[in-house]
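Working notes, beginning with the structure itself.
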Amino acid sequence: MRLLHLRPAIVTSTEISISLGLLKSIRAPIDAVSTVRPGSGSIAKAPEILQTCLLQPPNVLIEFARPVTANYLYGGARSVTAVAAYVDAPGEFIAAIQSRLSARSRGTDGPG
């Protein structure tokens with residue numbers, strides 16, 4: 001279980017990186033994000049939604065404007081249109097993504 005905490009969710013000026021330890025990961029460009037919002041335990045499980053939660057219900061849902069590739073342990077991959085994740089500080093995580101989206105729409109990069 002310790003491996004699940006070694007790869008946190010990261011937001012930079014150009015991309016979002018989320019993982020479930022070494023099992024699943026996704027690196028998505030900020031400009032691929034269409035919406036980001038608080039999640040709930042009622043997010044439907046579907047093949048096009050990457051679930052990066054194991055023990056907790058998702059508290060963030062990121063939806064993409066176009067499919068993004070999710071990677072799996074041992075080299076597997078698939079296209080997804082959304083990520084349902086559990087992050088430690090969902091409000092700050094959502095605000096960071098929204099800030100980057102706003103900066104990009106204004107033509108500036110904002111903080112990295």
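The values are calculated or read from the model by the stated rules, or taken from the named source; none is laboratory data. The model shown is predicted, which means the values in this text are computed figures rather than measured ones. No Cβ is skipped: glycine too gets one built from the backbone with ideal geometry, and neighbour counts run over all protein chains shown.
Restricting the first member to the range 33-48 and to residues that are under 18 Å from R104 (Cα atoms), and the second to residues that are surrounded by 13 or more Cβ atoms within 10 Å (Cβ to Cβ) and of a type in the set (S, T, N, Q), the beta-carbon pairs closer than 7 Å and six or more apart or on different chains are V36/Q98. Just for the range 73-82: of the residues that are of a type outside the set (V, I, T) and not in a loop (DSSP other than H, G, I, E, B), which one is surrounded by the most Cβ atoms within 10 Å (Cβ to Cβ)? So the residue we want is A82. Going through (1) within 17 Å of L20 (Cα to Cα); (2) of a type in the set (A, V, I, L, M, F, W, C); (3) at pLDDT 90 or above; (4) exposed (fewer than 13 other Cβ atoms within 10 Å of the Cβ) one by one, A65 falls short only on (1).
With respect to A89, determine if the residue is at pLDDT 95 or above, within 15 Å of the chain's Cα centre (by Cα) and farther than 15 Å from I26 by Cα.
So A89 does not fit the description; no.
Of everything in the range 1-37 that is touching a Ser or Thr at 6+ places or on another chain (Cβ under 6 Å) and at pLDDT below 85, the residue that is farthest from P57 (Cα to Cα) is R7.
Kindly indicate the residue of the range 13-35 that is assigned to a loop (DSSP other than H, G, I, E, B) and of a type outside the set (S, T, N, Q) and also surrounded by the fewest Cβ atoms within 10 Å (Cβ to Cβ) among those meeting that condition. Quick ask: steps written out before the conclusion?
Residues of the range 13-35 assigned to a loop (DSSP other than H, G, I, E, B): 13-14, 21-23.
Right, trim to of a type outside the set (S, T, N, Q) and you get 21-23.
Numbers: G21: 16, L22: 13, L23: 15.
Out of the qualifying residues, it is L22.
Residue check: is R100 outside any strand (DSSP E or B), charged (D, E, K, R) and touching a residue at least 24 places away in the same chain (Cβ under 8 Å)?
On the way: outside any strand (DSSP E or B): yes; charged (D, E, K, R): yes; touching a residue at least 24 places away in the same chain (Cβ under 8 Å): yes.
Yes: the conditions hold for R100.
The set of residues in the range 43-62 being surrounded by 12 or more Cβ atoms within 10 Å (Cβ to Cβ) and either among the polar types (S, T, N, Q) or in contact with a helix residue (DSSP H, G or I) (Cβ under 9 Å, 6 or more places away or on another chain) (or both) consists of Q51, T52, L54, N59, V60, I62. A85 satisfies every condition listed in (1) among the hydrophobic types (A, V, I, L, M, F, W, C); (2) surrounded by fewer than 15 Cβ atoms within 10 Å (Cβ to Cβ); (3) within 30 Å of G107 (Cα to Cα) except (2). Can you name every residue in the range 92-112 that is modelled with pLDDT of 90 or more and touching a Lys or Arg at 6+ places or on another chain (Cβ under 9 Å)? I94 - this is the single residue of the range 92-112 that is modelled with pLDDT of 90 or more and touching a Lys or Arg at 6+ places or on another chain (Cβ under 9 Å). Regarding S40, is this residue surrounded by fewer than 16 Cβ atoms within 10 Å (Cβ to Cβ) and modelled with pLDDT of 90 or more? Judged against the criteria, S40 is not a match.
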